[in-house]
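Below is one structure; the comments refer to it alone.
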């Protein structure tokens, strides 16, 4: 298989029976003055590719990484030039039709998501596909304690993955209050209403070495959840190390 499971580089004759297919889902949106618009997509692609490599030896078959879905639901970033958002309705439709098409030959489909704004569409699409009987789910690339957007976490990850795309960030300032504190203004006016730079967090101290550790943690989490195979009704893959919350009784 060319490029160790890269679906885009494969011929149809390279594709075996009922493989696991990972589909990176990103965005094209502002990430402050120092990170590229493709940040979420770059991270999702890298996590998916590395997760596939880790899963392949024990998968009992092929693990393929599909081309990324690079436009997401990024309306909250519309106040910044360069952002391209297709919205939740269109993204949900793209995700649904992606699963339906892959299901003609794939055994299992997992979306690897790099952008928090895509979550409502992923929940809607994966939940719907599971009701239709498809083996579809999704997992995010977040890490515990990470800042929200274009701060230390993403800047470090990009210094590790694509340092040539990272601009100087020593003078970049962002909104560092907790999301809960800024959420009303964020919902009402978008990111620009709370952070003129577009950064939610602080990139100060970001490094490639910390980025390597952050990305490794993202990959380990995704591998663990895919390997565990447990998902909720929305198709969110659950960490097997975390007990499922009890279902309230009526």
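Checking each residue in the stretch 49-68 for being in a loop (DSSP other than H, G, I, E, B) and in contact (Cβ under 8 Å) with a residue 12 or more places away in the chain picks out 59, 61, 62, 66, 67, 68. If you check 216, 220, 208 for being at pLDDT 95 or above and in contact with a helix residue (DSSP H, G or I) (Cβ under 7 Å, 6 or more places away or on another chain), only one passes: 208.
Cβ-Cβ contacts under 6 Å between residues 6 or more apart (or on different chains), taken from a first residue in the stretch 170-188 that is farther than 28 Å from residue 159 by Cα to a second residue that is in a loop (DSSP other than H, G, I, E, B), are listed as 185/194.
Regarding residue 3, is this residue surrounded by fewer than 18 Cβ atoms within 10 Å (Cβ to Cβ), touching a helix residue (DSSP H, G or I) at 6+ places or on another chain (Cβ under 8 Å), farther than 14 Å from residue 102 by Cβ and modelled with pLDDT of 95 or more? The answer is no for residue 3.
Summed over the stretch 162-176, residues that are surrounded by 22 or more Cβ atoms within 10 Å (Cβ to Cβ) and either out of contact with any helix residue (DSSP H, G or I) (no Cβ under 9 Å at 6 or more places or on another chain) or under 11 Å from residue 212 (Cα atoms) (or both) total 1.
Here the stretch 69-111 is the region considered, the condition is being in contact (Cβ under 8 Å) with a residue 60 or more places away in the chain and surrounded by fewer than 19 Cβ atoms within 10 Å (Cβ to Cβ), and the residue that is farthest from residue 128 (Cα to Cα) is 79. Just a yes or no: is a residue in the stretch 227-235 surrounded by 14 or more Cβ atoms within 10 Å (Cβ to Cβ), without any contact (Cβ under 8 Å) to a residue 40 or more places away in the chain and either over 21 Å from residue 95 (Cα atoms) or in contact with a helix residue (DSSP H, G or I) (Cβ under 6 Å, 6 or more places away or on another chain) (or both)? Yes.
Residue-wise test of (1) buried (at least 21 other Cβ atoms within 10 Å of the Cβ); (2) outside any helix (DSSP H, G or I).
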| site | (1), (2) |
| --- | --- |
| 18 | no, yes |
| 37 | yes, yes |
| 44 | yes, no |
| 47 | yes, no |
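Take the conditions (1) within 16 Å of the chain's Cα centre (by Cα); (2) without any contact (Cβ under 8 Å) to a residue 24 or more places away in the chain; residue 11 misses just one of them, which is (1).
Among the residues making up the stretch 116-148, those that are at pLDDT 95 or above, in contact with a helix residue (DSSP H, G or I) (Cβ under 7 Å, 6 or more places away or on another chain) and outside any helix (DSSP H, G or I) are 134, 136, 137, 138, 139, 141. In the stretch 102-115, the qualifying residues are those that are in a loop (DSSP other than H, G, I, E, B) and under 12 Å from the mean Cα position of the chain (by Cα), and the one that is nearest to residue 72 (Cα to Cα) is 115.
Can you find even one residue in the stretch 20-35 that is surrounded by fewer than 21 Cβ atoms within 10 Å (Cβ to Cβ) and either touching a helix residue (DSSP H, G or I) at 6+ places or on another chain (Cβ under 9 Å) or within 22 Å of residue 121 (Cα to Cα) (or both)? Checked the stretch 20-35: no residue is surrounded by fewer than 21 Cβ atoms within 10 Å (Cβ to Cβ) and either touching a helix residue (DSSP H, G or I) at 6+ places or on another chain (Cβ under 9 Å) or within 22 Å of residue 121 (Cα to Cα) (or both).
The values are calculated or read from the model by the stated rules, or taken from the named source; none is laboratory data. What you see is a predicted model, and the numbers here were worked out from it, not measured in a lab. Cβ coordinates were reconstructed from backbone atoms using ideal geometry, including for glycine residues, and neighbour counts include every protein chain displayed.
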